[in-house]
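S.K.: To start, I am sharing the structure in question, which I have written as structure tokens.
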Amino acid sequence: GNSVTQMEGPVTLSEEAFLTINCTYTATGYPSLFWYVQYPGEGLQLLLKATKADDKGSNKGFEATYRKETTSFHLEKGSVQVSDSAVYFCALSDRGGSNYKLTFGKGTLLTVNP
Amino acid sequence: SQTIHQWPATLVQPVGSPLSLECTVEGTSNPNLYWYRQAAGRGLQLLFYSVGIGQISSEVPQNLSASRPQDRQFILSSKKLLLSDSGFYLCAWGGSQETQYFGPGTRLLVL
């Protein structure tokens, strides 16, 4: 079956540091890949996505490139801010009939200190 | 634009009591609807999904059930809560595209 593995947290950085959160996946076929972010006490928000190999998703300074050869979708940001503190989830989609199912990683807690 | 609502936001219930969590979506028709549970320190687990009124698929056997009485309403229920039912419950909707959009969640504590 499908699975997503992302680096265990927590990750603690100082403001303006470079961020990488690793994500690798196992899937049959050609899934789309997503990063979601969850701020404290809230639901999940879509951060970015990529639908095919070599696509780069980007939003709010975050980027991730769909690497089919390494089955990876690592999240990066050049300069993090305190407001980026949240839990980040990598996910892939798998279509079954008329419905898409998401498989999530366990999440990585990021804390950015001023 | 589409919005998704969940209530209540927080719920504390005794073991053995019933449960009803509600999710409604606005601004879209015939969405796919999903219930997830997020246990402390763990990822999201898909519990149920629905592609239409009255159509429910269960992903894992458990103490919970789901219903979709109207196109944009999705309800999560239990007849008797267990301690292990505690967690953060998230409802999501998706359309013809594969992206899912999540509600604010309900935090359930079973004592």
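S.K.: Nothing charged except the Cβ atoms of Lys and Arg (+1) and of Asp and Glu (-1): what's the magnitude of the dipole of chain B about its Cα centre? Round to the nearest 20 debye.
M.R.: 280 debye
S.K.: Need the C-alpha centroid separation for region B:1-35 versus region B:50-108, integer Å.
M.R.: For region B:1-35 versus region B:50-108, the Cα centre distance is 7 Å.
S.K.: Take every DSSP beta bridge with both residues inside chain A and express the antiparallel ones as a percent of the total, to the nearest 5.
M.R.: Of all bridge pairs located within chain A, approximately 90 percent are antiparallel.
S.K.: Please label the shape of chain A as rounded, prolate or oblate, based on the square roots a ≥ b ≥ c of the eigenvalues of the alpha-carbon gyration tensor (a/c under 1.5 means rounded; beyond that, a/b larger than b/c means prolate, else oblate).
M.R.: Because a/c hits 1.5 or more and a/b exceeds b/c, chain A counts as prolate.
S.K.: Another question, if that's okay. Taking neighbour counts of Cβ atoms within 10 Å as a proxy for exposure, in what order, fewest first, do A:D55, B:D85 appear?
M.R.: So the residues, fewest neighbours to most, are A:D55, B:D85.
S.K.: Under the definition of Cα pairs under 8 Å and six or more residues apart, what whole-number percent is the relative contact order of chain A?
M.R.: Answer for chain A is 35 percent.
S.K.: Next question, about the same structure. Which residue, chosen from A:T103, A:Q45, A:L75, occupies the Cα position most advanced towards the positive end of the dipole of chain A, where the dipole is computed from +1 (Lys, Arg) and -1 (Asp, Glu) charges on Cβ about the Cα centre?
M.R.: A:T103
S.K.: Continuing with the same structure: Compute the longest continuous run of chain A that contains no exposed trypsin sites (Lys or Arg not before Pro); treat a site as exposed when its DSSP state is not H, G, I, E or B and it has at most 16 other Cβ atoms within 10 Å.
M.R.: A:1-51
S.K.: On to the next question. For the pairs A:K106/B:K79; A:K56/A:K106; A:K60/A:K101; A:K60/B:K79, note any where the Cα-Cα span goes beyond 32 Å.
M.R.: Exceeds cut-off: A:K60/B:K79.
S.K.: Limiting things to C-alpha atoms, what are the Rg and the maximum Cα-Cα separation (Dmax) for region B:33-82, in angstroms?
M.R.: Expressed in Å, the Cα Rg and Dmax of region B:33-82 come to 11.3, 33.
S.K.: Can you tell me, using C-alpha contacts under 8 Å and at least 6 residues apart, the relative contact order of region A:50-93 as a whole percent?
M.R.: Once normalised by length, the contact order is 25 percent.
S.K.: From Cα pairs below 8 angstrom and at least 6 apart in sequence, can you work out the relative contact order of chain B, rounded to a whole percent?
M.R.: Normalised by residue count, the contact order of chain B is 36 percent.
All of the numbers you see were taken from the coordinates with simple rules; none came from a lab. Given the structure is predicted, the values throughout are model-derived calculations rather than measurements. Virtual Cβ from ideal backbone geometry, glycine too; neighbours counted across all protein chains shown.
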